[in-house]
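The values are calculated or read from the model by the stated rules, or taken from the named source; none is laboratory data. Since we're looking at a predicted model, the values are computed, not measured. Glycine gets a Cβ as well: all are built from the backbone with ideal geometry, and neighbour counts include every protein chain shown. In case anyone asks, the SASA skips ligands and DNA or RNA and just uses the protein heavy atoms, side chains included. Shrake-Rupley method; radii C 1.70, N 1.55, O 1.52, S 1.80 Å.
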Amino acid sequence: MFKFAIDPFSFFIGFVATSIFWWLVARARPMLKEIMGGIKEQREVTQSNKTNTVEENHRRITLRQAQGLHLAAPLFALDEILQEPLLIAPPRVVEPGTPPKFEDVVSQTLPYLPGWPEIAAVYQAQTLTLPQALSGNTNLVIIGQPGIGKTVALAHLASLAANRSEKLEDLKNAVPFLFHVANLKLPITNPRDALNPIIEAASEHAPFLDQSRLPAFIQNTFKNGDALLLLDGFDEIPPESQQVFTEYLKTLMQNYPKTRIVTTGAPEYLDGLIGLGFTPLTLMAWSARDSEKFLNHWGELWSRTVAMEAWAQTGPKQVDPFLLNAWLSADNVNLSPFELTLKAWGAYAGDSLGPHVHESIATHIRRIAPANTPLAALETLAMQVIINIQPVFDPRVARAWVKSFEVTEEKPENETTDEMAEETANEPKTKPKKGKKVEKVTTPSSGLLGKMVSSGLLAAYPNNKMRFAHPVFTGYLAGRALINYNVEEDLLNQPDWSGKYLAMRYFAAHGDASKLLQALLGFSRLPMHRPLFAAARWLRDAPRNAPWRGKLFAALATILQTEGLPLNLRGQAMAAIVVSNDPNAMTLFRQFTATMAFELVHLAALGSGAMRDPKALHTLEQAVNAPSQAVRHAACMALVSIGTNEALETVAHTLLNGDENVRRAAAESLANDPGEGHAMLREGITISDILLRRAVAYGLGRVHEAWAVEALQKIQIEDDQWVVRNAATEVLDSKTSAGSRAPQKLKEPSNSPWLIEFAGKQGMGISPGSPVNDILLLALKSEDSDTRLAALPYLKFSPNEGVIIQLYDAMYKDDIELREAAYNVLWELGTSGVKLPHPSQYGYG
């Protein structure tokens, strides 16, 4: 056997060395952890920096794109010329068991007219900013007529999000994705690929180095709920295409439920969006004061920038902006922002073809059309777009539409100008060719389209897509072309879409639309009368001697006079008559104001005020003392809108001597007059009459200026009467909670306290996911008013025949508030594509 001797000294040295080693290891472990953690953190920072770089580039590109998405983009950036878009606050949603929310007299008196925001603009109805509207938790569809500014609204929202604006509050870090429907390649074949169209569209403008990292960035953004999808152009496409997009949005929302979406829509057609939970909000029209502010701003910008450019310096001498704006303001009643912009541009540039709004449109088309392009080529292209129902068209097909215009003789540059100037007159030079039909061309050929894209008249998109730069250009050009053909039947047989009705509108302005109107009146029926109100949009621009005008006015007057119909329906007839700008409309309203039918007087008074009819003073003075509270309120609002000294004196007398309710109406109405009206409210604060000061407090609540807030704060603290102090407190609270009118998602029935309580009283229960229609229909028949009103919003998500019958029943009740709320639900159902039978089918109307 071998024996090993252990050297004590060596053992001691080894033991010490080992101990020291493990001691060092133990001491170094935290340092090693820190080093490894640093490496990991550096890796994460590097990855984050890559993502941040992609995000920052995307935000910058989106901001640049948004700043150019407006009509005057060649002259100014959007933020330079922007008038902040506002949305009409929707009717309040009632929830039983909660205190009623503050509502001013104007909101109580005006019918809710989402299709006719011109009336809300006159009377300054309550509004929401875009950030306030988004402060709710629902997706939005911004609705309005073409040219009212829906694209600008989306571009403004994209700019705020791209800049991480504090105005967006909880959404300030949201990442905006701004696209036109033409940008997205749809439909998708696999629901798991829902983000592919967005990734492809975003990649079009992304820097080369970001291309590989963009898909992961977009997927993470949507997965984390940080995406704000802004989809323009939904209002421009026909129902078949809308269905493709609503199916896509449904898939996207299922895969990424935290995504916030805002899109655009026409008031008449929102195919499928309501069923997906979108809330329609109407874009507010511009009031006379808004138009004046815009023109002044335009003049300042033009003088500071455009007028300083070389071409402007060598051209004709610039006219004083004050004189130009005085001329422009003389005839801009009920013009859309689109139309007013073109009118201002033509006046300042000195190239306008005439004072009529159609001449302003013709001027701009000439301005952006390729040089030496015949007007007939533009009209033919637009006509084929409408006839073929292809607002987004394939240029390979469209080349054949304009093939005959590709090779033309050289002609002076001003020939198109002269041609358009001559043909813009009310009576077309070329008479309609009877029996001539429009042929639908479907084969390709050549290159005029490329020139139109370069000039800005057309917009080009990937995947062989093109469209006119604005749907109004399409409608205007198509309407002018179609008067030369017997196309009434073709148009009428098309599904309802905005291009069809725009073409009809401009057709009616240049040709005889008698056949079209006759057919539309035949289609028009309760509860919506959509064809009638679509035709009513023709009245403003059509010749005063058009043979069909009398028949259309008669149909509108019939609806306006029919007792028992909802005010929100009859109010559309009133609004249509106002927007027509027909001088005979004033006489009609005066006659109606003198009747004893109070709901008719209510609407007629609002109509007289909206038309600012000075001859209506006598009947409105009598209406201030009518037995109906709604009539008294409407008369005060109308008198302030008319704004003459005599009218304002009548309202001031009412403020001093009326009963409590009409004094408040008078004060709130005076808030709409920034001159004498505001002066009266300032003075009213100092008068000893308690009821007067209380009314003035409510009036000040509608003045959106700093001095009014300061006055209310002073009243809240210093007034010696508690009723006055309470009024000031109520108004100030409503100002700080202005966003409370933002639409919210309905609570699930199984999580709705009032519905659970109601079901319990009926001996019923509500399980998550189970149908609750029977309970809701019982609630609709409840004796409690709030319970009836609260049931209505839920019923729009299950529009079967039984529900529609009960909605009709509610619409024909004597309960005015229930009647109007039921009609609003029916309106939403109708716009979303639900076929609503005539009420007479169920014994109503």
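Conditions: (1) in a helix (DSSP H, G or I); (2) closer than 26 Å to residue 793 by Cα; (3) open to solvent by 10 Å² or more (accessible area, probe 1.4 Å). Residue 152 meets all but one. Number of the miss?
(2) is the only condition that residue 152 fails.
Out of curiosity, is residue 485 under 27 Å from residue 243 (Cα atoms) and either at pLDDT 95 or above or in contact with a Pro (Cβ under 9 Å, 6 or more places away or on another chain) (or both)? Lay out the reasoning, then the answer.
Numbers: under 27 Å from residue 243 (Cα atoms): no; either at pLDDT 95 or above or in contact with a Pro (Cβ under 9 Å, 6 or more places away or on another chain) (or both): yes.
Judged against the criteria, residue 485 is not a match.
What are the residue pairs meeting all of these: first residue in region 183-199, first residue among the charged types (D, E, K, R), second residue part of a helix (DSSP H, G or I) and open to solvent by 60 Å² or more (accessible area, probe 1.4 Å), Cβ atoms under 7 Å, and 6 or more apart or on different chains?
185/200
How many residues are open to solvent by 30 Å² or more (accessible area, probe 1.4 Å), in a loop (DSSP other than H, G, I, E, B) and either free of Cβ contacts under 8 Å to residues at least 12 places away in the same chain or touching a Ser or Thr at 6+ places or on another chain (Cβ under 7 Å) (or both) if we restrict to region 278-309?
Adding up the residues that qualify gives 1.
Would you point out the residue of region 386-397, among those that are over 18 Å from residue 180 (Cα atoms) and in a helix (DSSP H, G or I), that is most open to solvent (accessible area, probe 1.4 Å)?
The residue in question is 396.
I'm told residue 496 meets every condition in (1) open to solvent by less than 20 Å² (accessible area, probe 1.4 Å); (2) in contact (Cβ under 8 Å) with a residue 12 or more places away in the chain except one. Can you identify the failing condition by its number?
That leaves (1) as the condition not met.
Can you tell me which of 210, 170 is surrounded by fewer than 17 Cβ atoms within 10 Å (Cβ to Cβ) and under 27 Å from residue 56 (Cα atoms)?
On the way: 210 fails: surrounded by fewer than 17 Cβ atoms within 10 Å (Cβ to Cβ).
Just one listed residue meets the conditions, 170.
Can you tell me how many residues within region 214-238 are buried (at least 16 other Cβ atoms within 10 Å of the Cβ) and more than 12 Å from residue 175 (Cα to Cα)? Spell out the reasoning first.
Within region 214-238, the subset buried (at least 16 other Cβ atoms within 10 Å of the Cβ) is 214-215, 217-218, 221-222, 226-238.
Right, trim to more than 12 Å from residue 175 (Cα to Cα) and you get 214-215, 231-238.
Adding up the residues that qualify gives 10.
Of all residues in region 108-149, how many are open to solvent by 20 Å² or more (accessible area, probe 1.4 Å), farther than 23 Å from residue 177 by Cβ and part of a helix (DSSP H, G or I)?
3
Counting only residues that are open to solvent by 40 Å² or more (accessible area, probe 1.4 Å), more than 13 Å from residue 797 (Cβ to Cβ), assigned to a loop (DSSP other than H, G, I, E, B) and not aliphatic (A, V, I, L, M), how many does region 748-775 have?
Filtering region 748-775 down to residues open to solvent by 40 Å² or more (accessible area, probe 1.4 Å) leaves 748, 751, 753, 756-757, 760-765, 767-771, 774.
Checking which are more than 13 Å from residue 797 (Cβ to Cβ) leaves us with 751, 753, 756-757, 760-765, 767-770, 774.
Narrowing the set further to residues that are assigned to a loop (DSSP other than H, G, I, E, B) leaves 762-765, 767-770.
Retained after the next criterion (residues that are not aliphatic (A, V, I, L, M)): 762-763, 765, 767-770.
Qualifying residue count, region 748-775: 7.
Within region 715-742, count every residue that is in contact (Cβ under 8 Å) with a residue 12 or more places away in the chain, under 37 Å from the mean Cα position of the chain (by Cα), open to solvent by 30 Å² or more (accessible area, probe 1.4 Å) and within 19 Å of residue 690 (Cβ to Cβ).
The total comes to 3.
Does residue 574 satisfy the condition of being in contact with a helix residue (DSSP H, G or I) (Cβ under 7 Å, 6 or more places away or on another chain), open to solvent by 10 Å² or more (accessible area, probe 1.4 Å), modelled with pLDDT of 95 or more and of a type in the set (A, V, I, L, M, F, W, C)?
Details: in contact with a helix residue (DSSP H, G or I) (Cβ under 7 Å, 6 or more places away or on another chain): yes; open to solvent by 10 Å² or more (accessible area, probe 1.4 Å): no; modelled with pLDDT of 95 or more: yes; of a type in the set (A, V, I, L, M, F, W, C): yes.
When the stated conditions are applied, residue 574 does not pass them.
Any idea which of 525, 537 is out of contact with any Gly (no Cβ under 8 Å at 6 or more places or on another chain), over 21 Å from residue 822 (Cβ atoms) and either surrounded by fewer than 23 Cβ atoms within 10 Å (Cβ to Cβ) or of a type in the set (Ser, Thr, Tyr) (or both)? Explain how you work it out, then say what you get.
On the way: 525 fails: over 21 Å from residue 822 (Cβ atoms).
After applying the criteria, what remains is 537.
Does residue 646 satisfy being open to solvent by 40 Å² or more (accessible area, probe 1.4 Å) and touching a helix residue (DSSP H, G or I) at 6+ places or on another chain (Cβ under 8 Å)? Step through it out loud before you land on a result.
Details: open to solvent by 40 Å² or more (accessible area, probe 1.4 Å): yes; touching a helix residue (DSSP H, G or I) at 6+ places or on another chain (Cβ under 8 Å): yes.
Yes: the conditions hold for residue 646.
Residue-wise test of (1) in a helix (DSSP H, G or I); (2) open to solvent by less than 80 Å² (accessible area, probe 1.4 Å); (3) not polar (S, T, N, Q).
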residue: 635; (1), (2), (3): yes, yes, yes
residue: 656; (1), (2), (3): yes, no, yes
residue: 666; (1), (2), (3): yes, yes, yes
residue: 686; (1), (2), (3): no, no, no
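Hey, can you tell me all the residues within region 718-740 that are of a type in the set (A, V, I, L, M, F, W, C) and out of contact with any helix residue (DSSP H, G or I) (no Cβ under 8 Å at 6 or more places or on another chain)? Give the derivation first.
Let us first name the residues in region 718-740 that are of a type in the set (A, V, I, L, M, F, W, C), namely 722-724, 727-728, 731-732, 738.
Once the filter is applied, which keeps residues that are of a type in the set (A, V, I, L, M, F, W, C) and out of contact with any helix residue (DSSP H, G or I) (no Cβ under 8 Å at 6 or more places or on another chain), region 718-740 yields only 722.
Given the condition open to solvent by 70 Å² or more (accessible area, probe 1.4 Å) and within 22 Å of residue 112 (Cβ to Cβ), answer yes or no: does some residue in region 791-809 qualify?
Scanning region 791-809 turns up at least one residue that is open to solvent by 70 Å² or more (accessible area, probe 1.4 Å) and within 22 Å of residue 112 (Cβ to Cβ).
When both residues are 6+ apart or on different chains and their Cβ atoms are under 7 Å apart, which pairs have a first residue that lies in region 756-777 and is more than 18 Å from residue 822 (Cβ to Cβ) and without any contact (Cβ under 8 Å) to a residue 40 or more places away in the chain, and a second that is open to solvent by 40 Å² or more (accessible area, probe 1.4 Å) and of a type in the set (Val, Ile, Thr)?
766/756
Would you say residue 87 is surrounded by 21 or more Cβ atoms within 10 Å (Cβ to Cβ) and in a helix (DSSP H, G or I)?
Details: surrounded by 21 or more Cβ atoms within 10 Å (Cβ to Cβ): yes; in a helix (DSSP H, G or I): no.
Taking the combined requirement at face value, the residue does not satisfy it.
Check region 511-529 and report whether any residue there is of a type in the set (D, E, K, R), closer than 20 Å to residue 236 by Cβ and assigned to a helix (DSSP H, G or I). Full working, then the answer.
Just the residues of region 511-529 that are of a type in the set (D, E, K, R), to begin with: 512, 515, 525.
Applying the additional criterion that residues be closer than 20 Å to residue 236 by Cβ yields none.
Within region 511-529, not a single residue is of a type in the set (D, E, K, R), closer than 20 Å to residue 236 by Cβ and assigned to a helix (DSSP H, G or I).
How many residues, within region 155-175, are in a helix (DSSP H, G or I), farther than 18 Å from residue 294 by Cβ and in contact (Cβ under 8 Å) with a residue 60 or more places away in the chain? Walk me through how you get there before you give the answer.
So in region 155-175, the residues in a helix (DSSP H, G or I) come out as 155-162, 166-171.
Now restrict to residues that are farther than 18 Å from residue 294 by Cβ: 157-162, 166-171.
Among the residues that remain, those that are also in contact (Cβ under 8 Å) with a residue 60 or more places away in the chain are: 157-159, 161-162, 171.
Of the residues in that region, 6 qualify.
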